[in-house]
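Enquirer: Here you go, one structure.
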């Protein structure tokens, strides 16, 4: 009986050791492989990245450019051609020799005239519009920086040019 008893004790001991060894080591369960579903934003991002890569490849120069016949960023005057003058014609003056054209007169319009009673008779005020402004002036005052009011009558204002002392008349319409 000793042999039978020893065999049982050894078998129970081996089972106990196997059970303890199994409990001591951790074998985490392997997760099952699941299908990865990409969201629509990820799909569009991947498409955009591939499109950007394709465009970068397309923009890369494959051939070095040859020297252009015309440089758009450098100014170069064309060679001057000699002017052919008819026989007997006098040469025209150069542009620097031309006299400057007379300066255009500023557009002034007499909009109205007002009278106030004064000690020496009526004091008139002229309303003149021009250069985007409305000037309310009496005799002796300036309109713009160019004209001075010489006289204000019932329906006409006489202006004197301070540059060349010429007269300009504005009438009510």
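Enquirer: Filter the stretch 108-150 down to residues that are buried (at least 17 other Cβ atoms within 10 Å of the Cβ) and closer than 16 Å to residue 173 by Cβ, then give me how many there are.
Expert: Residues flagged as buried (at least 17 other Cβ atoms within 10 Å of the Cβ) and closer than 16 Å to residue 173 by Cβ within the stretch 108-150 amount to 6.
Enquirer: Looking for something modelled with pLDDT of 75 or more and under 33 Å from the mean Cα position of the chain (by Cα) - is there at least one such residue anywhere in the stretch 20-42?
Expert: No.
Enquirer: Go through the residues of the stretch 52-62 one by one and say whether even a single one is exposed (fewer than 10 other Cβ atoms within 10 Å of the Cβ) and modelled with pLDDT under 75.
Expert: Yes, the stretch 52-62 contains at least one residue that is exposed (fewer than 10 other Cβ atoms within 10 Å of the Cβ) and modelled with pLDDT under 75.
Enquirer: Here is a check on your reading of the model: is residue 105 surrounded by 10 or more Cβ atoms within 10 Å (Cβ to Cβ) and modelled with pLDDT under 85?
Expert: yes
The values are calculated or read from the model by the stated rules, or taken from the named source; none is laboratory data. What you see is a predicted model, and the numbers here were worked out from it, not measured in a lab. Glycine gets a Cβ as well: all are built from the backbone with ideal geometry, and neighbour counts include every protein chain shown.
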